[in-house]
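Here the structure is laid out as structure tokens; the discussion comes afterwards.
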Amino acid sequence: MIRFESATKQYPDGTLAVDALDLVAPSGQITVLVGPSGCGKTTSLRMINRMIDATSGRILLDDQDVASVDPARLRRGIGYVIQHAGLFPHRTIIDNIASVPLMLGRSKKEARAGAMELLERVGLDPRFAQRYPAQLSGGQQQRVGVARALAADPPVMLMDEPFSAVDPVVREQLQDEFLRLQSDLGKTIVFVTHDIDEAIKLGDQVAVLRVGGRLAQMATPAELLSNPVDDFVANFVGRDRGYRALGFESVTALPLESEPTVSLDSSFTAAEKAAVDGWVLVLDGERRPQGWLAVADGPSATGDTISTATLRRGGTVAERDGTYRAVLDAALSSPTGRGVIVGPDGTFAGTINASRVVALIEARAEAPR
Amino acid sequence: MTSMTSTSSSPWHFFGYFLDHRSQDLSWLWTHAWLSVVPVIIGLLIALPLGWLSRRYGWLYPPMVSITGLLYTIPSIALFVLVPPLLGLSSLNPVQVPIALTVYSVALLVRVVADGLASVPDEVNQAATAIGYGGVRRLFAVELPIAVPVIAAGLRVATVSNVSMVAIAGTIGMSNLGQLFQLGKDLSTPTAYYPPIVLGIVLCVLLALVLDGLIILLTRVLTPWRRAVPSR
Ligand SMILES: Nc1ncnc2c1ncn2[C@@H]1O[C@H](COP(=O)(O)OP(=O)(O)OP(=O)(O)O)[C@@H](O)[C@H]1O
Ligand SMILES: [Mg+2]
């Protein structure tokens, strides 16, 4: 457990970066610090491993004041991941990961064996081991950064905007893997981001800071969305918070409609016959949805077959036991208004339209919770 | 047609001249090489802490660079002559030239070391600190290895310029390739006699090329990571 007790940091130039912060980051959980740029997130994080020393107040790590521990020793027991990974360009990937174990005096062989294991654990191909950081993409480097922080198996991890320098698709991937990893490892994590969506997705609890390093609200993501404590938090959490709150509740017993479908190799004529309101859903050989065919679009140029090129593929697909948000989005994004729902194995289960989903949401809101 | 002898005064007969005075020339070449290299090594050892300090304490950098830079403006011949009286050595003392050249090497390398350390990306330094590298450990394990390319470039300049400055020391009587120029000058009265002068130039250039090549080679060995081609 990490406990800030009116921790304050005033820089020599007078800037009050963190002002009497009281905060507890419980063991085995992800605590996210979020807030606008310059609100003191990085400063708070670095006070934990003493890269920055608090000017007053204390920070306790498992009831021990960090100020009483030698900084280098303290840091070897705390994993740290920074924005651009900060890998050592002169060391191979495997040796980057093995840095801390080697510093702690483990044998080279043991350290490398552990590093190999971690490499796979963070989802990287073992053949990357002998490469240098410059030979990896940004997302891959970030994974190595996470592996390096984990190498000595520290109970505590500090992460400063670790995923913000990669593109949105990779970021989402890294976030998902990070959550999966954390569910295995159960580290005590303090995670800094300025992206409220990331905070809500990753945090077990989220601390919203305002400029000047003051804590505005500390709450679970669902609580933050449904019950922001003041205008600042409400504005920061964002306008569509009602919609996003739906992302925290899973649907139950979704009333699905059946939907005529055709497979990718059938003829356009067959599709035309099956279509409802001029649309038919096309599945692949394993019954996974591929897209909607609009009869009005006509057959493909090459003849009387269905071509993937003419399918409308814009709609999202939700899982049958997904969140209200995913199901509603499937309905709203479907060109036919009929949201495509799949089973856990990705095979087509049925459709549902937006008004049905909204009715479900309203029914749930009326029921006492 | 006259036979080619080493007594020909054509500049192109430097090779014949070399063959005739081989052992003397080789011994000069050898001393010249040592005099060029050793001051750079000692200079680097002195410049490392100074460069580190002026990087660590930012306010030190401007004065450090100006002062060491000023040293460079002292003409080498003056420094050679001044070192013995300043340090209470006898004139033509064998350490007089290395000391003077070490001063020049330090002057050049302090800035090089500081700039080399500055070339280490900030996030790399932060990451190193964050995972528990203390000051000196970080310097040797992370900063210096990454600064090698910049420092090596400075070493090349220092070494090559030393080769030419050692020759100047030869003209005040120190035993090295510079003697060939003195000799050429002495032998050029009453008629011009070029072979020793040309030989001196050729050997200096060759020496500089070889030393430069060695540093390049050493740098390559120390920086396998730089040859790794970025994947994108
Ligand atoms: N070394 C320093 N000297 C003086 N002021 C500083 C220093 N470092 C940070 N600050 C100031 O302290 C405040 C908090 O900085 P901090 O880096 O903690 O913000 P942050 O929340 O991490 O911001 P960002 O999201 O932009 O990374 C800012 O106003 C910043 O300008
Ligand atoms: Mg920051």
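The values are calculated or read from the model by the stated rules, or taken from the named source; none is laboratory data. Bear in mind that the values here come from a model prediction, so they are computed numbers and not experimental data. Virtual Cβ from ideal backbone geometry, glycine too; neighbours counted across all protein chains shown. We work out accessible area using only protein heavy atoms, side chains counted, and drop any ligands, DNA or RNA first. Shrake-Rupley method; radii C 1.70, N 1.55, O 1.52, S 1.80 Å.
Note on chain A: with a GNM built from Cα contacts shorter than 10 Å, the maximum mean-square fluctuation among A:THR15, A:THR261, A:THR188 falls on A:THR15.
Label-to-label distance, B:ASP212 versus A:GLU120, with points set 7 angstrom from Cα along the beta-carbon direction: 5.1 nm. Highest-first packing order for the peptide set B:55-65, A:25-35 is A:25-35, B:55-65, based on the mean count of other beta carbon atoms within 10 Å.
Packing here is the average count of other Cβ atoms within 10 Å per residue, and on that basis the peptides A:249-257, A:75-83, highest first, run A:75-83, A:249-257. Legend: mean number of C-beta atoms from other chains within 10 angstrom of residue C-beta atoms, peptide A:79-89, equals 6.
Normalised per residue, the accessible area of chain A is 45 Å², obtained with a 1.4 Å probe and no contribution from ligands, DNA or RNA. Computed on chain A, with alpha-carbon pairs under 8 angstrom and 6+ residues apart, the relative contact order is 15 percent. In summary, the helical segments of chain A meeting the span-like criteria, namely a full DSSP H run, a Cα extent along the axis of 24 angstrom or more and a mean Kyte-Doolittle hydropathy of at least -1.0, are A:168-185.
For the residues of A:90-103, the average number of beta carbons from a partner chain within 10 Å of their own beta carbon is 3.
On the protein assembly as shown, 58 percent of the accessible area sits on carbon and sulfur atoms, based on a 1.4 Å probe.
Inter-part distance, region B:67-95 to region B:156-178, computed on C-alpha centroids, equals 14 Å. When both region A:299-369 and region A:92-122 are represented by their alpha-carbon centers, they are found 45 Å apart. Per residue of B:120-127, other chain Cβ atoms within 10 Å of the residue Cβ number 6 on average. Taking the 0 to 90 degree range and rounding to the nearest ten, how far is the long axis of helix B:22-56 tilted relative to the main principal axis of chain B, both from C-alpha atoms? Between the helix axis and the principal axis of chain B, the angle is about 20 degrees. Largest GNM mean-square fluctuation among A:THR310, A:THR336, A:THR193, using chain A with Cα springs under 10 Å: A:THR310. Interface size, chains A and B: roughly 2100 Å² of accessible area buried, both sides included, 1.4 Å probe, rounded to the nearest 100. Pop the C-beta distance of A:TYR11 and A:SER68 into the FRET formula with R0 = 25 Å and round what comes out to the nearest 0.05. Efficiency at R0 = 25 Å is approximately 0.60.
Residues A:ARG148, A:ARG320, A:ARG241, ordered by accessible area of protein heavy atoms at a 1.4 angstrom probe radius and largest first, appear as A:ARG320, A:ARG241, A:ARG148. Normalised by the number of residues in region B:80-198, the average gap of Cα pairs under 8 Å and 6 or more apart makes the relative contact order 21 percent. Taking chain B as a Gaussian network of alpha-carbon nodes connected by springs under 10 Å, the highest mean-square fluctuation of the residues B:ALA118, B:ALA208, B:ALA78 belongs to B:ALA78. Diagonalising the gyration tensor over the Cα atoms of region A:261-366 and scaling each eigenvalue by 5 before taking the square root yields semi-axes of 28, 14, 10 Å, largest first. When peptides B:107-113, B:45-51 are ranked by their average number of other Cβ atoms within 10 Å per residue, the highest-first order is B:107-113, B:45-51. Placing a pseudo-label 7 Å from each Cα along the Cα-to-Cβ vector at B:ILE172 and A:LEU264 gives an inter-label distance of 8.5 nm. For A:THR323, the residues whose modelled amide H falls within less than 5 Å of its own, excluding neighbours fewer than 5 places apart on the same chain, are A:VAL251.
Across region B:21-222, Cα pairs under 8 Å and at least six residues apart give a relative contact order of 26 percent.
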